[in-house]
Every structure is written in C-alpha cells, then in structure tokens.
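Undergrad: Can you read through this structure? Questions will come right after.
The values are calculated or read from the model by the stated rules, or taken from the named source; none is laboratory data. Just so it is clear, the structure is predicted and the values come from calculations on it, not from any experiment. All Cβ positions, even for glycine, are placed from backbone atoms using ideal geometry, and neighbour counts span all protein chains on display.
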Amino acid sequence: MRESYIEKRVCAYAVLLGWVHYKFSSPGNRGVPDRILLRKGRIIFIEFKATGKKPTKLQYYIHKIIRKLGFKVYVVDDIEAGKMLLDEIS
C-alpha cells in the first residue's frame, strides 16, 4: 500500500479523535517525520511508510534526536496499525 494513502487515512482518523495534524517539512533538514500531531497538550511525530518499508538511516537518526528531547516518534506502515496506535495514545 502506498505511503500517501496510509497517511491520508490515518490522519483522517486522527481528526475524528480530536488531533490536529500538520505536514512537517523542514527545508534544509532531511529525514524529519512526515506529520506532527497535537492534542490536549501532547505532541507526537509520525513517519509514514509504504507497507513493509522501513525508515532510512537518516530518518532513524533524526527520530533518535527527537526522542532524546522527550517526544514520541512513531513509524506507521499500515492503516489499521495507525488507527490502533491513535486509539492507544488518545
């Protein structure tokens, strides 16, 4: 399944749960997660991947930096898994 399709469906579900999401692009800084989600004082980052794909080494490195700052970074490559993740953390 394509990354863009998974991202669209999971983000639509996030809105139903009360999350606000923004596409995260940081010119000059490659490897940042695809989306920032905000809800009730919480901020999480999601990296979307096509089914079965894994983050690149650079993406893993950036995720590690963000996690060291105390934020959660999730990798989602499946619509249902993404919905279950949001149910768990909402």
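Undergrad: Among the numbered conditions (1) touching a strand residue (DSSP E or B) at 6+ places or on another chain (Cβ under 9 Å); (2) at pLDDT 95 or above; (3) on the phi < 0 side of the Ramachandran plot, tell me where G18 comes up short.
TA: Going through (1) touching a strand residue (DSSP E or B) at 6+ places or on another chain (Cβ under 9 Å); (2) at pLDDT 95 or above; (3) on the phi < 0 side of the Ramachandran plot one by one, G18 breaks only (3).
Undergrad: Go through the range 38-64 residue by residue and tally those that are crowded, with 19+ Cβ neighbours inside 10 Å, within 15 Å of I6 (Cα to Cα) and β-branched (V, I, T).
TA: 1
Undergrad: Which members of the range 10-20 meet the condition of being in a helix (DSSP H, G or I) and over 12 Å from the mean Cα position of the chain (by Cα)?
TA: Within the range 10-20, A12, Y13, V15, L16 meet the criteria.
Undergrad: Output the residues belonging to the range 81-90 that are in a helix (DSSP H, G or I) and either surrounded by fewer than 16 Cβ atoms within 10 Å (Cβ to Cβ) or touching a Cys at 6+ places or on another chain (Cβ under 6 Å) (or both). Don't jump to the end; show me each part of the working.
TA: Keep residues of the range 81-90 that are in a helix (DSSP H, G or I), which gives 81-89.
Those that are in a helix (DSSP H, G or I) and either surrounded by fewer than 16 Cβ atoms within 10 Å (Cβ to Cβ) or touching a Cys at 6+ places or on another chain (Cβ under 6 Å) (or both): A81, M84, D87, E88, I89.
Undergrad: Also: Only one of R9, R30, R35 is out of contact with any strand residue (DSSP E or B) (no Cβ under 6 Å at 6 or more places or on another chain) and surrounded by 11 or more Cβ atoms within 10 Å (Cβ to Cβ). Can you tell me which?
TA: Values: R30 fails: surrounded by 11 or more Cβ atoms within 10 Å (Cβ to Cβ); R35 fails: out of contact with any strand residue (DSSP E or B) (no Cβ under 6 Å at 6 or more places or on another chain).
Among R9, R30, R35, only R9 is out of contact with any strand residue (DSSP E or B) (no Cβ under 6 Å at 6 or more places or on another chain) and surrounded by 11 or more Cβ atoms within 10 Å (Cβ to Cβ).
Undergrad: Can you name the condition, by its number, that W19 falls short on among (1) surrounded by fewer than 18 Cβ atoms within 10 Å (Cβ to Cβ); (2) more than 13 Å from G82 (Cα to Cα)?
TA: Going through (1) surrounded by fewer than 18 Cβ atoms within 10 Å (Cβ to Cβ); (2) more than 13 Å from G82 (Cα to Cα) one by one, W19 breaks only (1).
Undergrad: Kindly indicate the residue of the range 65-76 that is surrounded by 11 or more Cβ atoms within 10 Å (Cβ to Cβ) and out of contact with any Pro (no Cβ under 7 Å at 6 or more places or on another chain) and also nearest to C11 (Cα to Cα) among those meeting that condition.
TA: Per the criteria, the residue is V76.
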